[in-house]
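Working notes for the structure below.
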Amino acid sequence: MRWMVVLLMILIGLCAGCSEQEVIEPVANFEPLKCKPGKLDIKMHSSVATIGMVGDILLHNPLYTYADFNPSFAAVKDKMRSIDFLLANQESLPGGVELGLSGYPLFNSPKHIIRDLKNNGVDMLSIANNHTMDQTGAGLLRAIANMKVYNMPYVGAYESEKDSETKRIVEVNGIQVGILAYTYGLNGMPTPAGKDYMVSLTDKQRIEQDIQDMNMLADLTVVSVHWGNEYALQPSEKQKELAIILASAGADIIFGHHPHVLQSYTEIGKTKVFYSIGNFYSAQQFDSTNIGGIAQVQVFKNVVAGRTQITTGPASFYPTAVSRDKNRKFIVVPLSEAGSAVNFNEAWVERQVGLSAN
């Protein structure tokens, strides 16, 4: 048996030696693959808008007796109309003559203030403030009806639950701007039973949710808020705390009002905060209550390859004063033109607000 094993091993060796190695021949006329990419088409689009707000419009006596408010704003009309989107705090609601015109403490203003504000560049009225219910729920409904007559958008107080749930989003130069408005209170005046939706109050949880919901739909979220202490030149701790909450929730711009005087501007992260923009048009003439202006922020939108980037640029403040014309009627003028009629100048405004006056 041993010789058979030896013979088998010899045969295996001979077969292995006779095997041929596989040879791979190159392909004749081989040419490398050439890549010919087409042009990379990246679409880009940019737009810019200025978002602004004027402060309290509070028609004391004798302002509510004026038949025409266009002369009241004539000196600042061009500046107002140069703002791409301009809000105004209509603090005394325009319920009209049917309710009886009145000033402090229970205001009711003529409806043509709506017409004349629109003619002078105001694009939306913020109507959540401590005087919203001065003429009860019926007065608010009448004021809203008057706004609709002049096709003036409004925010912060509403005629129905459906109205309160309708998002205020406007397109400004291709930028979707969402507007929200709130007030700290109503001077103790109640909303009608079962109709809390009529006025937006500064409930922190609700505001946070509103801002987050708005951010899902709009490029930019602006909050108009009635807060602070009257005639205080510095923001209160409550204002500062609420500003942090609004900024953390995603507000891009905060316009504050109610103190009737100017307060400082600040930034919380990327959020622009005007704590108080003062009175824009009223008959208050003590301390600095006749100094106000137009708060404004530039907004940039860049769309590259389908991706959108929104940035808020420089903030500025255009100071104004309430003075009197040759007929002793109250008018709004640029502060730089007020002269000796007021006790404050642009340098004071720059120190008080912390922004260049322009």
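Derivation of every value follows stated rules applied to the coordinates shown; laboratory data play no part. This is a predicted model, so every value here is computed, not measured. Ideal geometry is used to build each Cβ from the backbone, glycine not excepted, and the neighbour counts take in all protein chains shown.
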ask   = How far, in degrees from 0 to 90, does helix 237-249 lean away from the longest principal axis of the Cα atoms of the chain, to the nearest 10?
value = 30 degrees
ask   = What is the order of L201, L220, fewest Cβ neighbours within 10 Å to most?
value = L201, L220
remark   = For the chain, the longest principal axis of the Cα atoms and the Cα long axis of helix 136-149 enclose an angle in degrees, to the nearest 10, of 70 degrees
request  = Could you compute the FRET efficiency for T136 and T308, with r as their C-beta to C-beta distance and R0 at 41 Å, rounded to 0.05?
outcome  = 0.40
query = Pairing the Cα long axis of helix 2-18 with the longest principal axis of the chain, what angle in degrees results, from 0 to 90 and rounded to the nearest 10?
reply = 60 degrees
ask   = Under 5 Å between amide H atoms, partner at least 5 residues away or on a different chain: which partners does A283 have, H built in plane at 1.01 Å?
value = H60
note = Amide H neighbours of K111 at under 5 Å, excluding residues fewer than 5 places away on the same chain, with H built from the backbone geometry, are G96, V97
inquiry  = Strictly greater than 25 Å: what percent of every Cα pair in region 179-309 meets that?
reply    = 31 percent
Region 93-101 - phi-based ³J(HN,Hα) in whole Hz, Karplus 6.51/-1.76/1.60, Gly and Pro as x = 6, x, x, x, 5, 4, 9, x, 6
ask   = Which value, in debye to the nearest 20, gives the size of the charge dipole of the chain about its Cα centre, when Lys and Arg are +1 and Asp and Glu are -1 at the Cβ?
value = 480 debye
remark   = tail above 25 Å in the computed P(r) of the chain, as % of all Cα-Cα pairs, reads 57 percent
task = Step through the table entries K118/K329; K162/K301; K111/K329; K162/K238; K79/K272; K272/K329, compare each Cα-Cα distance with 26 Å, and write down the pairs that go over it.
result = K162/K301; K162/K238; K272/K329
task = Starting at the first residue of region 267-272, write each ³J(HN,Hα) from the Karplus equation 6.51 cos²θ - 1.76 cosθ + 1.60 with θ = phi - 60°, in whole Hz, x for Gly and Pro.
result = 10, 10, x, 9, 7, 8
remark   = Along region 218-235, Karplus-curve 3J(HN,Hα) (6.51, -1.76, 1.60; θ = phi - 60°) to the nearest Hz, with x for Gly and Pro, reads 10, 6, 9, 10, 10, 10, 9, 9, 9, 7, x, 9, 4, 6, 7, 7, 10, x
task = Take peptides 65-72, 54-61 and line them up by average Cβ neighbours within 10 Å, highest first, as a rough protection proxy.
result = 54-61, 65-72
ask   = What number, rounded to the nearest 500 deg cm²/dmol, is the helix-based mean residue ellipticity at 222 nm of the chain, given -39500 (n - 2.57) per DSSP H run of at least four residues and division by all its residues?
value = -7000 deg cm²/dmol
task = Tell me which residues come under 5 Å, amide H to amide H, from V261 once H is placed; ignore anything under 5 positions away on its chain.
result = Y231, G278, N279
ask   = Residue farthest toward the positive end of the dipole of region 44-353, with Cβ of Lys/Arg at +1 and Asp/Glu at -1: which of P94, P192, G339?
value = G339
